[in-house]
Amino acid sequence: MLTTIQIVLLIFILFAISRVYLRAKEQLFSTKTAIFWYIIWIAGLIGVLLPKTTSKLAGLFGVGRGVDVIVYIALALLFYLVFRIYVMIEDIRHEITSLVREIAFQRSQKRSSTLSSSRRRGSKK
């Protein structure tokens, strides 16, 4: 018999898996990203439906309780994902800076060519 928390987590995990599926179908995720999230959510599903597996996993890592090993793994994963997001944001920031410089350069070239052509027209009169 499933407990209330297992039912709630089961519904949430199935919803999350459906979101991964839809994003992958719309090709908003790369295949590698979709596989990564499928693995994460299926591991969560196994942990919810078979709670004793987390205790076995805890024993492998030398941790007392199954919940503790899940928290440790989740924290490590979250820190890694935050790091990846930080790196992506920095890359985007550098790309935006480069694009802004390029656009400014192009606009300055247009202005200088417009000014020089208007000067030439003015000197002919």
> For the stretch 3-32, which residues satisfy the criterion of being in a loop (DSSP other than H, G, I, E, B), surrounded by 14 or more Cβ atoms within 10 Å (Cβ to Cβ) and of a type in the set (D, E, K, R)?
Replying inline: none
> In the stretch 36-87, what residues are aromatic (Phe, Trp, Tyr) and out of contact with any Leu (no Cβ under 9 Å at 6 or more places or on another chain)?
Replying inline: PHE36, TRP37, TYR38, PHE61, TYR72, PHE79, TYR80, PHE83, TYR86
> So which of ARG101, ARG121, ARG93, ARG107 ends up being farther than 25 Å from VAL8 by Cα, part of a helix (DSSP H, G or I) and modelled with pLDDT under 90?
Replying inline: ARG121
> Looking at the stretch 46-54, is at least one residue loosely packed, with under 10 Cβ neighbours inside 10 Å and closer than 23 Å to LEU10 by Cα?
Replying inline: yes
>> Residues to consider are TYR72, TYR38; find the one that is closer than 30 Å to ILE5 by Cβ, surrounded by 10 or more Cβ atoms within 10 Å (Cβ to Cβ) and modelled with pLDDT of 95 or more.
In response: TYR38
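The values are calculated or read from the model by the stated rules, or taken from the named source; none is laboratory data. Keep in mind the model is a prediction, meaning the values are calculated, not measured. All Cβ positions, even for glycine, are placed from backbone atoms using ideal geometry, and neighbour counts span all protein chains on display.
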